[in-house]
Amino acid sequence: MLVLKRVVKTYPKGSRRITALAPIDLTVSAGEFVAVEGPSGSGKTTCLLIAGGLLDPDSGRVLLDGHDLHAMTRNQLAAFRSQNIGFVFQQYHLIPYLSVLENILAPEAARGRADGQARGRALAGQFGLDHRLDHTPAELSSGEKQRTALARALLFQPKILLADEITGNLDHVNAQIVLGYLREYVKTGGSVLLVTHDREIASQADRVEYLPDPRELEAPR
């Protein structure tokens, strides 16, 4: 489903370049839940953004369902992402003036479709949000915000869900609830790539890949 081949990302700093993501090879199969674990600064979020086509690597290839993401034009990539990839982030990124239902249905506008109403309401019910449909994000708990963001990401049944530290703002109970929804999504054939610094959270995936701190790789020996 998802293949990263020798992907590298660096940033300029003065006369040198700082490694944000050391060379990485990573695969996520259809119906697989993979966690990428590593310390702060190891490039977890960079890896996720490159995997989703939101950030270009310096070198290497990213293939999703056989398609080379970084060989596409911007318009092609945007259309491909909207059809195949769901994103969930630690900070939720909900639109503050929209209701829960309107936030869940936001992808309709990006895709130019209007067939998500029934699925949006069904997801809200599945995620325990049916009594919150008219509430704005400011009126929600952290767990409810993350469940709203997850429902939004799953509205049009993407092939893969990319999740960035999505349990970071949640207590243990709500973290386990969200992870349960991810596992249910995988059971339906979806794939999940989750990045986290939390070893306990990572251990609940089917497989864990570890990212070392690039600064350790650059340190003189």
FRET efficiency (Leu63, Glu139; Cβ distance; R0 30 Å; to 0.05) is 0.15
With every protein chain kept in place and a 1.4 Å probe, the chain has an accessible area per residue in Å² of 48
Within the set Pro137, Pro57, Pro39, GNM on the chain using Cα springs under 10 Å gives the largest fluctuation to Pro39
Largest first and rounded to whole Å, the semi-axes √(5λ) derived from the alpha carbon gyration tensor of the chain read 30, 20, 16
Here the membrane-span-like helices of the chain, with no claim about any membrane, defined by DSSP H, Cα axial extent at least 20 Å and mean Kyte-Doolittle at least 0.0, are 172-187
For segment 101-201, the convex hull over Cα atoms projects on average to an area in nm² of 6.5
Flagged as over-length at 24 Å C-alpha distance, from Lys44/Lys159; Lys9/Lys187; Lys9/Lys145; Lys5/Lys145, the pairs are Lys9/Lys187; Lys9/Lys145; Lys5/Lys145
If R0 = 35 Å, then Tyr97 and Ser15, at their Cβ-Cβ distance, give a FRET efficiency to the nearest 0.05 of 0.15
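The values are calculated or read from the model by the stated rules, or taken from the named source; none is laboratory data. Predicted, not measured: the structure shown is a model, and the values here were computed from it. Cβ: placed from backbone, ideal geometry, glycine included. Neighbour counts: every protein chain shown. Quick note on the areas: whole protein, heavy atoms, side chains included, nothing else; ligands and nucleic acids left out. Shrake-Rupley method; radii C 1.70, N 1.55, O 1.52, S 1.80 Å.
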